[in-house]
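The values are calculated or read from the model by the stated rules, or taken from the named source; none is laboratory data. Computed from a predicted structure; not experimentally measured. Reconstructed Cβ throughout: ideal geometry from the backbone, glycine too, with neighbour counts over all protein chains shown.
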Amino acid sequence: MGNNDEKQRLKDAVIEQLHRVYDPEIPVDIYNLGMIYEVKVSDDHHVYILMTLTSPNCPVAESLPMEVRDMVRAVKGVKDVEVEVTFDPPWSQDMLSEEAKLELGLL
């Protein structure tokens with residue numbers, strides 16, 4: 001399997017893992033909430049995740065990025081994980097996936 005295939009497999013596995021992390025205030029995973037802005041996998045299998053929180057005053061502002069890091073670190077083949085939190089652009093309901101909008105009764 002080529003290196004690009006392996007990186008894509010790893011990225012897919014990371015995204016699958018992110019579907020298992022939930023915002024404690026909304027019963028939808030953080031990926032479908034649109035809180036994950038970017039997932040990059042380097043050639044040496046280091047994962048970079050750019051994410052946001054639903055608000056800067058989010059009660060899990062400290063713990064949620066650590067939970068994301070720990071969950072992604074558990075993916076087989078991942079060497080290391082860097083999670084960066086940004087508020088640019090700020091999260092809004094427009095970022096919800098169709099699945100999340102359905103789940104929350106917004107469609």
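If the Cβ limit is 9 Å and pairs must be 6+ apart or interchain, which residue in segment 1-29 that is farther than 16 Å from Glu103 by Cβ pairs with which residue that is hydroxyl-bearing (Ser, Thr, Tyr) and surrounded by fewer than 18 Cβ atoms within 10 Å (Cβ to Cβ)?
Taking only residues 6 or more apart or on different chains, the pairs are Lys7/Ser42.
Which residues, taken from segment 20-39, are surrounded by 14 or more Cβ atoms within 10 Å (Cβ to Cβ) and either over 12 Å from the mean Cα position of the chain (by Cα) or under 21 Å from Gly105 (Cα atoms) (or both)? First the steps, then the outcome.
The initial filter retains those residues of segment 20-39 that are surrounded by 14 or more Cβ atoms within 10 Å (Cβ to Cβ), namely 21-23, 26, 28-37, 39.
Val21, Tyr22, Asp23, Ile26, Val28, Asp29, Ile30, Tyr31, Asn32, Leu33, Gly34, Met35 - these are the residues of segment 20-39 that are surrounded by 14 or more Cβ atoms within 10 Å (Cβ to Cβ) and either over 12 Å from the mean Cα position of the chain (by Cα) or under 21 Å from Gly105 (Cα atoms) (or both).
Collect the residues in segment 1-25 that are assigned to a helix (DSSP H, G or I) and of a type in the set (Val, Ile, Thr), keeping them in residue-number order. Break it down into steps so the answer makes sense when it comes.
If we filter segment 1-25 for residues that are assigned to a helix (DSSP H, G or I), which is where we start, we get 3-18.
Passing the criteria: Val14, Ile15.
Could you list all residues from segment 48-107 that are small (Gly, Ala, Ser) and under 28 Å from Glu6 (Cβ atoms)? Even if it seems obvious, please write down each step before you answer.
The first filter runs over segment 48-107 and keeps only residues small (Gly, Ala, Ser), leaving 55, 61, 63, 74, 77, 92, 97, 100, 105.
Listed by number, the residues that qualify are Ala74, Gly77, Ser97.
Can you pull out every residue in segment 37-75 that is hydrophobic (A, V, I, L, M, F, W, C), in contact with a Leu (Cβ under 6 Å, 6 or more places away or on another chain) and at pLDDT 90 or above?
To start, the set of residues in segment 37-75 that are hydrophobic (A, V, I, L, M, F, W, C) comprises 39, 41, 47, 49-51, 53, 58, 60-61, 64, 66, 68, 71-72, 74-75.
Imposing the further condition that a residue be in contact with a Leu (Cβ under 6 Å, 6 or more places away or on another chain) reduces the set to 41, 61.
Within segment 37-75, just Val41 meets the criteria.
To keep it simple, each residue is scored yes or no on (1) in contact (Cβ under 8 Å) with a residue 60 or more places away in the chain; (2) surrounded by 12 or more Cβ atoms within 10 Å (Cβ to Cβ); (3) aromatic (Phe, Trp, Tyr).
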position	(1), (2), (3)
Leu53	no, yes, no
Asn57	no, no, no
Met66	no, no, no
Val72	no, yes, no
Phe87	no, no, yes
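Please enumerate the residues belonging to segment 31-75 that are of a type in the set (Gly, Ala, Ser), in a loop (DSSP other than H, G, I, E, B) and more than 19 Å from Met95 (Cα to Cα). Explain how you work it out, then say what you get.
Filtering segment 31-75 for residues of a type in the set (Gly, Ala, Ser) gives 34, 42, 55, 61, 63, 74.
Now restrict to residues that are in a loop (DSSP other than H, G, I, E, B): 34, 42, 55, 61, 74.
Of everything in segment 31-75, those that are of a type in the set (Gly, Ala, Ser), in a loop (DSSP other than H, G, I, E, B) and more than 19 Å from Met95 (Cα to Cα) turn out to be Ser42, Ala74.
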